[in-house]
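Structure, as structure tokens:
Coordinate-derived values only; no laboratory data. Note that the coordinates shown come from a computational prediction; the quantities given were computed from them, not determined experimentally. Heads up, the Cβs are rebuilt from the backbone with ideal geometry, glycines too, and the neighbour counts pull from every protein chain shown.
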Amino acid sequence: MSTESTMEESSRISKLLADNCTVLTYGVIGVCAFLSVRQYMQGPKCRSTLKLAGKTVLITGANTGIGKETAKDLAKRGARVILACRDLTRAQKAASDITNSTGNSNVVVYKLDLSSLKSVRECAEEVKKNEQRLDILINNAGVMWTPQCQTEDGFDMQMGTNHLGHFLFTNSLLDLVKKSAPSRIVTVASRAHERANFDIEDINSERSFSTMTAYSNSKLANILFTRELAKRLEGTNVTAVSLHPGVIATELTRHANDKNIATWVLMTFLFNPFLQHLIKTPTAGAQTTLYCALDPDVENHPGKYFSDCAVKEPTKAGQDDIMASKLWTLSEKLTGLNK
């Protein structure tokens, strides 16, 4: 081979190596950038090292998703953990999983269907009969984007389950929570409240129904309920707060389907294979709940709304104390709380 040919071949190989190195470099940069964004999207972690031996925690809807992850974390801290769930078979399996992964056998299950006021009352009575204390109540369960349907008591399914069920359940257990003070009531709301179109005269969305708006209205109701509850708990050493857990891949979206174009578009965007790696995992989604349940600073912010382990201002509608009071009065009437 001539010297000229050798130089040409060497030049070609050098260029090929340079091109490959460039591709590799950009690839490494791309992967690092993706991992950095993914880590950022998971949000901050609850850093509390608080132990909960001798304490009792109740979490609604704790058989899956962020509820189960919350229960697992609190079980690791030594708490007696109560899973209050509609499906007892799945709840018992979740309780076994939590016990096996944490070594805490003090994990129990109660039957609770928040779409039934009868079930809510029965569960609350069972808890009061069997439990000596309730240090942390976490209102976690919820339904999202259901088709237009009603609870057995005639309420819109999302408002009835997400707000009215928890309203009655919380108030029914309030004496036990007060007895256990200092204690906390943590309600999982959502940033979806920002899209609410709340009408106190049409709480069940009978005049105009949109599944996404009905969900948003129920989450705004969670925030307003918490604000009014905190006022009523002044001087009791019981702290009530609400929170947005983040966008999370859980079973909460199980009712979304292609019959509703808005939910189909949103689900297609949020849960495509690429974006699924960016949204929060259930473990990451549980962090703000844990922060609200455990961090000592939370006691300084009764009635507030949290996101990413920090206080966040809700919309103006979420700060409307007059509406919060009206909603409380209406909720008392609809649930028969004082009968």
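See the values below:
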{"quantity": "For Tyr110, distant residues with modelled amide H under 5 Å away", "calculated": "Leu83, Ala84, Cys85"}
{"quantity": "Volume per residue of the C-alpha convex hull in the stretch 48-122, rounded to whole Å³", "calculated": "87 Å³"}
{"quantity": "At R0 = 41 Å, FRET efficiency that the Cβ-Cβ distance of Lys316 and Lys76 yields, to 0.05", "calculated": "0.55"}
{"quantity": "FRET efficiency estimate (nearest 0.05) - Cβ-Cβ, Glu234 to Ala181, R0 22 angstrom", "calculated": "0.95"}
{"quantity": "Highest-first arrangement of 204-211, 112-119, 63-70, where packing means the average Cβ count within 10 Å", "calculated": "63-70, 112-119, 204-211"}
{"quantity": "Average Cα contact separation per residue, the stretch 50-335, under 8 Å, 6 or more apart, as relative contact order %", "calculated": "18 percent"}
{"quantity": "Spin-label model distance (nm) - Asn100 vs His301, 7 Å beyond Cα toward Cβ", "calculated": "3.7 nm"}
{"quantity": "Length gained when the stretch Asp202-Lys51 is fully extended (0.36 nm per residue, less Cα-Cα span)", "calculated": "49.9 nm"}
